[in-house]
1. Taking the Cβ of Leu138 as the centre, find all other residues whose Cβ is under 13 Å away and add up their charges (Lys, Arg: +1; Asp, Glu: -1).
2. Which FRET efficiency value, to the nearest 0.05, do you get for Arg32 and Ser2 by plugging their Cβ-Cβ distance into 1/(1 + (r/R0)^6) with R0 = 25 Å?
3. Express the carbon and sulfur contribution to the solvent-accessible surface of segment 44-141 as a percent, rounded to the nearest whole number, probe 1.4 angstrom.
4. Let me have the 222 nm mean residue ellipticity of the chain computed from DSSP H runs of 4+ only, each contributing -39500 (n - 2.57), with the sum over all residues rounded to the nearest 500.
5. Which cross-chain or sequence-distant (5 or more) residues have an amide H under 5 Å from the amide H of Val100, H modelled 1.01 Å from N in plane?
6. Quick check: pseudo-label points 7 Å beyond the Cα along Cα→Cβ at Arg54 and Val66, how many nm apart are they?
7. Count neighbours as other Cβ atoms within 10 Å of each site's Cβ, and list the trypsin sites (Lys or Arg not before Pro) in segment 1-92 that are DSSP loop with at most 14 such neighbours.
8. Stretch Asp14-Gln110 to full length: gain in nm at 0.36 nm per residue minus the Cα-Cα span?
Amino acid sequence: MSLSPFHLAIPVYDLPAARRFYGEVFGLPEGRSSEHWVDFDFYGHQLVIHEHPRTASQEAAHTNAVDGHDVPVPHFGIVLSWPEWEALAERLRARNTAFVIEPYVRFQGQVGEQATMFLFDPCGNALEFKAFKDMSQLFAK
């Protein structure tokens, strides 16, 4: 599957903390930057953190119930290979990351079975990282 890179710009109210988080916690390579924004290579996609006052969704995340968990909305993330997801989960656990939803396999034995985990960046932006053992299940009904 060949995908075009997406571009996502998100607000952060503490640029230095967010820069450390994306650069050090995830090890994302940094691209261009200024005093008010930083580009990151987010698994081949362009993620830009922009300095911005705290937003309502950063103050208190809305949630929707999915598979017995309160999933924060809005959120963004990436679909990794299963081994990459496992390695990231281990890396985050080793750093004592506070998860909103601990790494686990959702929809076990059902269509769309997937590994998932949710966490917040230092500015309250929710992230989801997921993986499928069978990528044909990505959009399966």
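The values are calculated or read from the model by the stated rules, or taken from the named source; none is laboratory data. In this text, all values refer to a predicted model and were calculated from it rather than measured experimentally. Backbone-built Cβ (ideal geometry, glycine too); neighbour counts: all protein chains shown. Side chains are part of the model used for accessible areas, which takes the heavy atoms of the whole protein and leaves out ligands, DNA and RNA. Shrake-Rupley method; radii C 1.70, N 1.55, O 1.52, S 1.80 Å.
1. +1
2. 0.50
3. 51 percent
4. Helices in the chain give a 222 nm mean residue ellipticity of -4500 deg cm²/dmol.
5. When sequence neighbours closer than 5 places are left aside, the close amide H contacts are Phe118, Leu119, Phe120.
6. Between Arg54 and Val66, the label points sit 2.6 nm apart.
7. Here the trypsin sites (Lys or Arg not before Pro) that fit, given the DSSP loop and packing criteria, are Arg54.
8. Working: separation 96, 0.36 × 96 = 34.56 nm, distance 4.03 nm.
Net length gain for the segment: 30.5 nm.
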